[in-house]
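Beneath this line is the structure, given in structure tokens, with notes to follow.
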Amino acid sequence: MRTRIGARRSKAQWVGVAALAAALWLWVWSVRPPEAPEPARAAPKASAPEAPPSARRAASVAAASTRAPAEDPAPRIDEIEVEKPEVCAGEENLITVRAHTSNGTDEYLHSVIGTRTGSRVPLRIWPDTDGSYEMPTIAVFGRNNVVSQSEVPRYKVKACKPERIVVITHRLLPSTPGDYELTARIVDVGVKDNPDARPFKPASYAWVFDDGGSEKTKAPFVTHSYERRPQTALVSEFLIRVEVQSEAGEKLAGRTLLQIPNMMFQDLAERGIVTIAATPTPRFPKQDGDGVVRQAFRLWHHRDAPVRIDTVTAVRYYAGASDASPREKASLGLVEIPPGQGVDVEVRLDTVREPDVFTITYFIEGETAEGNAARGTFSLMKPPPAPTKESSTPVMEPVLLAKIKRARELLAQEFVTDEDIWRLEREGKMADLDVSPPRTTAP
């Protein structure tokens, strides 16, 4: 079912949606790299001596700051597509909205459908006890958060409901630029209303990531990287699907839309800066037996040509001190960062020679062949000291003690984290532990 909207714009104000979109906008701004230097005058003409790289970079920032007009027209909603004309209560119905801008700024479009962000949302409607329900509102935002609104075309939500539904949740893994953990959870909805319902024991999960990738797992979760997504718009959207097959061969499916803000797009479009990203390996630093912390970082960017590196500086931060060291020149052995996979560098912190330093932050500045400033930053952090009896609170709860012991055995590690235990639990490797409360005997 499709509804063509044309060029009309609703004048109604939808405060909740506008606030949600504004929050998304602020989040994108909050994760940007350090602010650009103060704009300087543009470089002289070719007949004059060439300006230094810092002046050319500042000029590109100044030019970018004047690109966007003060006001933008609201987007035009062209079409709203409803996947099914009727569904049961709580059943997914994919709503797709298509829109465009009249001034050629489609790359800034982002949408909210009901309470969900995205232009392709698997919508679930749960009617009230009297069977009534309202259709959610759609808001499409353009540059500077100008908005157009419309209602989801009405479709029929019947009194029936599925026995089970699959809900997908996602989270960005810490210390990564784009690795997401996806988890599928089976929720019993109408099983209690059907006495003949058979149990559903999952045997496998088939994932489709909407970027050309797919994977099959036995556990109800998977990790997938969207780090190398094209960042040519304000947000990237991926309609993720999972199909769960039971031991008896039955199948359930669920979808969710993952919307990721694109920091690199905004830095280039709004500030004229090409972002240099840094991916750490391992994700968390480790200190070797010689007291040296070593960590590798893969430096990369989204341009099709190499980025020339002009300067690398470093700042040291000290434990117990409010001030950091002045910026000092540093060397990463870089002349340029090639396109594609980029280049790997290794940095180190000698905790024996510098016992008070807990973080070294590196700042990279360069320039693209087109004359855009290129900038990036990453930090090497001293890991926290290993726990001791004196610095730790003893674990007294028997079940948690059993989980810690099991995790240490499975991972062959002296110390384990909450993250380790949580992952092993979801893999089913703690299922045989007795988590029932202790029995009490009558006096």
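The values are calculated or read from the model by the stated rules, or taken from the named source; none is laboratory data. Please read these numbers as outputs of a predicted model, since none were measured by experiment. Heads up, the Cβs are rebuilt from the backbone with ideal geometry, glycines too, and the neighbour counts pull from every protein chain shown. Accessible surface areas use protein heavy atoms only, side chains included; no ligands, DNA or RNA. Shrake-Rupley method; radii C 1.70, N 1.55, O 1.52, S 1.80 Å.
Within the stretch 402-419, work out how many residues are open to solvent by 70 Å² or more (accessible area, probe 1.4 Å), of a type outside the set (A, V, I, L, M, F, W, C) and closer than 15 Å to Ala431 by Cα.
Looking only at that region, the number is 1.
Check off (1) within 30 Å of Trp422 (Cα to Cα); (2) buried (at least 20 other Cβ atoms within 10 Å of the Cβ) for Val112 and give me the number that stays unchecked.
(1)
Here is a list of conditions, (1) open to solvent by 30 Å² or more (accessible area, probe 1.4 Å); (2) under 27 Å from Ala269 (Cα atoms); (3) touching a strand residue (DSSP E or B) at 6+ places or on another chain (Cβ under 9 Å); (4) not charged (D, E, K, R), and Tyr362 meets all of them except one; can you say which number that is?
Result: Tyr362 passes all but (1).
Can you name the condition, by its number, that Asn103 falls short on among (1) out of contact with any strand residue (DSSP E or B) (no Cβ under 6 Å at 6 or more places or on another chain); (2) open to solvent by less than 40 Å² (accessible area, probe 1.4 Å); (3) more than 30 Å from Glu215 (Cα to Cα)?
(2)
Got a sec? Which strands (runs of 3 or more DSSP E) wholly within the stretch 235-301 have at least 2 residues that are surrounded by fewer than 16 Cβ atoms within 10 Å (Cβ to Cβ)?
Values: elements: 235-246, 251-261, 273-287, 292-300.
So the answer is 251-261, 273-287, 292-300.
Does Ser331 fit the bill of being among the hydroxyl-bearing types (Ser, Thr, Tyr) and free of Cβ contacts under 8 Å to residues at least 12 places away in the same chain? Break it down stepwise before answering.
On the way: among the hydroxyl-bearing types (Ser, Thr, Tyr): yes; free of Cβ contacts under 8 Å to residues at least 12 places away in the same chain: no.
For Ser331, the condition - among the hydroxyl-bearing types (Ser, Thr, Tyr) and free of Cβ contacts under 8 Å to residues at least 12 places away in the same chain - is not met.
Here are some residues: Asn194, Asn262. Which one is closer than 25 Å to Arg143 by Cβ and not hydroxyl-bearing (Ser, Thr, Tyr)?
It is Asn262.
Every residue in the stretch 289-323 that is over 18 Å from Asp350 (Cβ atoms) and among the hydrophobic types (A, V, I, L, M, F, W, C), please. Steps first, answer last, please.
First, pick out the residues of the stretch 289-323 that are over 18 Å from Asp350 (Cβ atoms): 298-313, 320-323.
Result: Leu299, Trp300, Ala305, Val307, Ile309, Val312, Ala321.
Might you check whether a residue that is aliphatic (A, V, I, L, M) and free of Cβ contacts under 8 Å to residues at least 24 places away in the same chain occurs anywhere in the stretch 123-139?
Within the stretch 123-139 (the criterion being aliphatic (A, V, I, L, M) and free of Cβ contacts under 8 Å to residues at least 24 places away in the same chain), the answer is yes, since at least one residue qualifies.
Quick one: in the stretch 272-319, of everything that is more than 25 Å from Glu419 (Cβ to Cβ) and among the small types (Gly, Ala, Ser), which residue is nearest to the chain's Cα centre (by Cα)?
Gly272
Which one is nearest to Leu299 (Cα to Cα) among residues in the stretch 375-392 that are in a loop (DSSP other than H, G, I, E, B) and open to solvent by 90 Å² or more (accessible area, probe 1.4 Å)?
Step one: of the stretch 375-392, the residues in a loop (DSSP other than H, G, I, E, B) are 382-392.
Checking the rest, the ones that are also open to solvent by 90 Å² or more (accessible area, probe 1.4 Å) come to 384-385, 389-390.
Numbers: Pro384: 25, Pro385: 28, Lys389: 40, Glu390: 40 Å.
Across the stretch 375-392, the extreme among qualifying residues is Pro384.
Quick one: which of Ser236, Ser214 is without any contact (Cβ under 8 Å) to a residue 24 or more places away in the chain and within 30 Å of Ala277 (Cα to Cα)?
Residue meeting the stated conditions: Ser214.
Residues Val395, Val352, Val399: which one is of a type in the set (Val, Ile, Thr), more than 30 Å from the chain's Cα centre (by Cα) and surrounded by 12 or more Cβ atoms within 10 Å (Cβ to Cβ)? It would help to see each step written out before you state the result.
Numbers: Val395 fails: surrounded by 12 or more Cβ atoms within 10 Å (Cβ to Cβ); Val352 fails: surrounded by 12 or more Cβ atoms within 10 Å (Cβ to Cβ).
So the residue among Val395, Val352, Val399 that is of a type in the set (Val, Ile, Thr), more than 30 Å from the chain's Cα centre (by Cα) and surrounded by 12 or more Cβ atoms within 10 Å (Cβ to Cβ) is Val399.
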